[in-house]
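To keep things clear, I will list the structure first and then write my remarks on it.
The values are calculated or read from the model by the stated rules, or taken from the named source; none is laboratory data. As the structure is a prediction and not an experimental result, all values here were calculated from the model. A quick note on method: Cβ atoms are made from the backbone with ideal geometry, for glycine too, and the neighbour counts reach across all protein chains shown.
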Amino acid sequence: MDQLIVHHLIVHELKKQPEMAEADLLLSTQPLAITEQAVDLIGRLDQTFERKSDLLQGFLVAPDEGLFPAYYQNWLEEGRNRSAFVTFSQNAMDVLKNSLQGVTGAKGGYLLFADYTIEEQRMLGIYMIRNTEGMVFVDDEEQDALRLQTTAYLDIQNMAMAARLLAGSGRNVQMIRHARTQSSISQYFTDWVGIDRAETSSELTYSFLEMVEELPVPKDRETGFAMNDGDFEKALVKYAAKAPQQTIRVEDFDAHFYGNEKPLKDMLAEQESPIDQGFRVDRKALRNQFYLRAGVGGISITCTKDHFRNGQVHIDEASGKITIHSEELASLLLDQYGE
């Protein structure tokens with residue numbers, strides 16, 4: 001796990017049944033102790049969040065436009081200290097409870113507020129978790145055997161809702177994107193935090209790729225010669241895969257591919273763009289842009305756009321024929337067919 005430092009941690013319970021209109025709170029008055037177990041919990045929650053590819057991203061609305069942003073700003077101005085953290089979380093929970101009064105369909109859970117730093121990025125994570133039932137084997141000393149026992153545990157892998165507020169400027173609000181069937185229920189969570197100019201990771205990734213197509217092809221660091229399109233595409237996918245928090249930042253992108261030149265930053269300065277200073281990339285959308293996959297009737301093929309450009313894969317649209325020029329692939333198939 002990447003280096004993780006937990007600064008403050010507190011949990012509150014939102015009591016709400018889907019069929020009921022009323023909501024209630026069980027507020028903690030003290031933070032949770034930052035034990036090894038607590039740090040492990042935050043690490044696992046953050047990893048679960050990281051595995052979500054298509055997040056909702058945006059900016060936090062101004063403090064005068066929402067109570068949550070106002071309480072959050074107060075906490076920042078007080079230096080993110082312990083007592084202010086407790087007050088902020090309690091006030092935020094009170095806002096959430098009031099917004100849920102009269103809303104049927106929504107369900108409560110445990111709201112975990114975590115102020116932590118990972119990969120040198122400080123953030124506030126808000127994770128809604130619920131208990132779930134499971135079974136474990138326990139030692140039955142009387143019967144001298146093992147037996148099954150029902151137990152309850154935190155369902156970390158299926159977080160109900162979650163948000164991360166990254167320290168610093170730019171597109172610093174990230175939320176787990178919910179299924180469309182849940183949008184009417186989970187909208188209250190989005191409204192509670194207050195996200196502005198929200199777009200999904202996939203939408204931002206496609207906007208980014210459209211801009212990259214307009215940029216000059218960068219030079220290879222080792223040879224000093226301009227990359228071909230295929231090499232640039234591979235380098236771009238590799239760069240995104242290794243980006244901290246899967247986030248592409250404009251200045252870092254320019255520095256990595258263009259050195260002292262800043263073509264992407266200059267382009268952004270000339271036009272309004274949702275990319276701004278940086279965004280959380282959808283690596284699946286990025287791969288799908290360059291890696292092509294299709295399968296029909298038990299026959300499947302995976303290739304890149306570079307295979308088309310190099311003539312290794314050719315499609316005759318009129319006849320519907322696909323031609324693959326590869327002696328090695330043909331040999332591998334014949335070897336298996338001969339068996």
**Prompt:** Picking from Thr150, Thr181, which residue would you name as being modelled with pLDDT under 85, farther than 27 Å from Asp94 by Cβ and in a strand (DSSP E or B)?
**Reply:** Thr150
**Asked** Which residues, taken from the stretch 137-166, are loosely packed, with under 11 Cβ neighbours inside 10 Å, in contact (Cβ under 8 Å) with a residue 12 or more places away in the chain and either touching a Pro at 6+ places or on another chain (Cβ under 8 Å) or of a type in the set (A, V, I, L, M, F, W, C) (or both)?
**Response** Phe137, Leu148, Ala152
**Message:** What are the pairs with Cβ atoms under 6 angstrom where one residue, in the stretch 69-86, is assigned by TED's automatic domain parsing to the domain that holds Gln30 and the other, located anywhere, is of a type in the set (D, E, K, R) and exposed (fewer than 14 other Cβ atoms within 10 Å of the Cβ)? Sequence gap at least six, or different chains.
**Reply:** Ala84/Glu78
**Message:** Within the stretch 256-266, does at least one residue satisfy the condition of being surrounded by fewer than 17 Cβ atoms within 10 Å (Cβ to Cβ) and of a type in the set (A, V, I, L, M, F, W, C)?
**Reply:** no
**Request:** Have a look at Glu270, Glu233, Glu222 and point out the one that is crowded, with 18+ Cβ neighbours inside 10 Å and over 27 Å from Glu120 (Cα atoms).
**Result:** Glu233
**Asked** Hey, among Phe208, Phe279, which residue is hydrophobic (A, V, I, L, M, F, W, C), assigned to a helix (DSSP H, G or I) and surrounded by 16 or more Cβ atoms within 10 Å (Cβ to Cβ)?
**Response** Phe208
**Request:** Check the stretch 180-187 and report whether any residue there is touching a strand residue (DSSP E or B) at 6+ places or on another chain (Cβ under 8 Å) and of a type in the set (Lys, Arg).
**Result:** no
**Prompt:** Which of the residues that make up the stretch 108-126 are assigned to a loop (DSSP other than H, G, I, E, B) and surrounded by 15 or more Cβ atoms within 10 Å (Cβ to Cβ)?
**Reply:** Gly108
**Asked** When you look at Ile129, is it out of contact with any His (no Cβ under 6 Å at 6 or more places or on another chain), closer than 17 Å to Pro18 by Cα, crowded, with 20+ Cβ neighbours inside 10 Å and of a type in the set (Val, Ile, Thr), yes or no?
**Response** yes
**Asked** Taking the stretch 316-332 only, how many residues are surrounded by fewer than 11 Cβ atoms within 10 Å (Cβ to Cβ) and aliphatic (A, V, I, L, M)?
**Response** 1
**Message:** Here is a check on your reading of the model: is Glu222 of a type outside the set (S, T, N, Q) and over 17 Å from Leu286 (Cβ atoms)?
**Reply:** yes
**Leu204 being at pLDDT 85 or above, closer than 21 Å to Gly168 by Cα and in contact with a Lys or Arg (Cβ under 8 Å, 6 or more places away or on another chain)** = yes
**Prompt:** Residue check: is Leu236 within 27 Å of the chain's Cα centre (by Cα) and not β-branched (Val, Ile, Thr)?
**Reply:** yes
**Request:** Out of Phe113, Phe137, report the one residue that is among the aromatic types (Phe, Trp, Tyr), over 19 Å from the mean Cα position of the chain (by Cα) and more than 13 Å from Leu26 (Cα to Cα).
**Result:** Phe137
**Message:** Pairs needed: first member in the stretch 10-37, within 18 Å of Leu124 (Cβ to Cβ) and in contact (Cβ under 8 Å) with a residue 12 or more places away in the chain; second member anywhere, among the acidic types (Asp, Glu) and surrounded by fewer than 15 Cβ atoms within 10 Å (Cβ to Cβ); C-beta distance under 6 Å; at least 6 residues apart or different chains.
**Reply:** none
**Prompt:** Residue check: is Ile126 of a type in the set (Val, Ile, Thr), under 16 Å from Leu25 (Cβ atoms) and either modelled with pLDDT of 95 or more or within 27 Å of the chain's Cα centre (by Cα) (or both)?
**Reply:** yes
